[in-house]
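Asker: Pasting a structure here, questions to come.
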Amino acid sequence: MGKTPSAYEQDYLRRKEQEEREAFFKVFDRETDRGLAIASVCYLDDMLEKLIRAAYRKDPRIKILFKNNQILQPFYNKVCIAYFSGLIPEAVYDDLKLVGEIRNKFAHSVLETLSLNDVSIAQKIDKLRQLPADAKKEYPPRLKFLLIIVHIGSLLRGYREGLLELGLMRIGGMFNTDVTTLQGCILTPLEIKEILKRVSEKLEDYHREEG
């Protein structure tokens, strides 16, 4: 592993990721269900790449692995490499695969009118292992899907920070023994709604200024 990032570098990474997360919420605010499903995998794909890069040898040539037609270019390959390398727990692995299946349903059925409310898709959402039981009962499929995407993205960021800050090659031990260190990364449904509200207000201000 390379040297541990400085406090300044870690702060920069956190601010940059906050900007990326807000950009994702802007996508959520204006996208169709199909667009959201596809954008969500793009978001998680990027988070997975960052996690894998944090665990691998610090060599600029590693970027070759993520280029077109290379071993770590497809989303599913990243999911498998992350799990079998001990970078993510089984529950995250299973949920990432389910999110990929939901995305593929939209991407490969372009002539169908689909939504996250469709029974076959909503059932997949309810199978997500890390979706809280109360969320399954209380929230519509679109909000449940957003919640799990943010939850997984936050976990991937937390795992990467564990690698960078602690200098660990494998963080499997954190999954059960140090879960509390990740709680600050995970947003609740209420926090998500608050962020969506702020994003919507920003978009409205922007449109008024443009108009």
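Asker: With the structure loaded, tell me whether L143 is assigned to a helix (DSSP H, G or I) and either modelled with pLDDT under 80 or touching a helix residue (DSSP H, G or I) at 6+ places or on another chain (Cβ under 9 Å) (or both) or whether it fails that test.
Answerer: yes
Asker: Another question about this same structure. One residue is enough: does the range 121-131 have a residue meeting the conditions modelled with pLDDT of 90 or more, under 13 Å from S40 (Cα atoms), among the acidic types (D, E) and part of a helix (DSSP H, G or I)?
Answerer: Among the residues of the range 121-131, not one is modelled with pLDDT of 90 or more, under 13 Å from S40 (Cα atoms), among the acidic types (D, E) and part of a helix (DSSP H, G or I), which makes the answer no.
Asker: Filter the range 102-140 down to the residues that are under 16 Å from L36 (Cβ atoms), in contact with a helix residue (DSSP H, G or I) (Cβ under 7 Å, 6 or more places away or on another chain) and small (G, A, S) and list them by number.
Answerer: Once the filter is applied, which keeps residues that are under 16 Å from L36 (Cβ atoms), in contact with a helix residue (DSSP H, G or I) (Cβ under 7 Å, 6 or more places away or on another chain) and small (G, A, S), the range 102-140 yields A107, S115, A122.
The values are calculated or read from the model by the stated rules, or taken from the named source; none is laboratory data. As the structure is a computational prediction, the values presented were derived from the model and not from experiment. Counting neighbours? That spans all protein chains shown, and the Cβs are built from the backbone with ideal geometry, glycine included.
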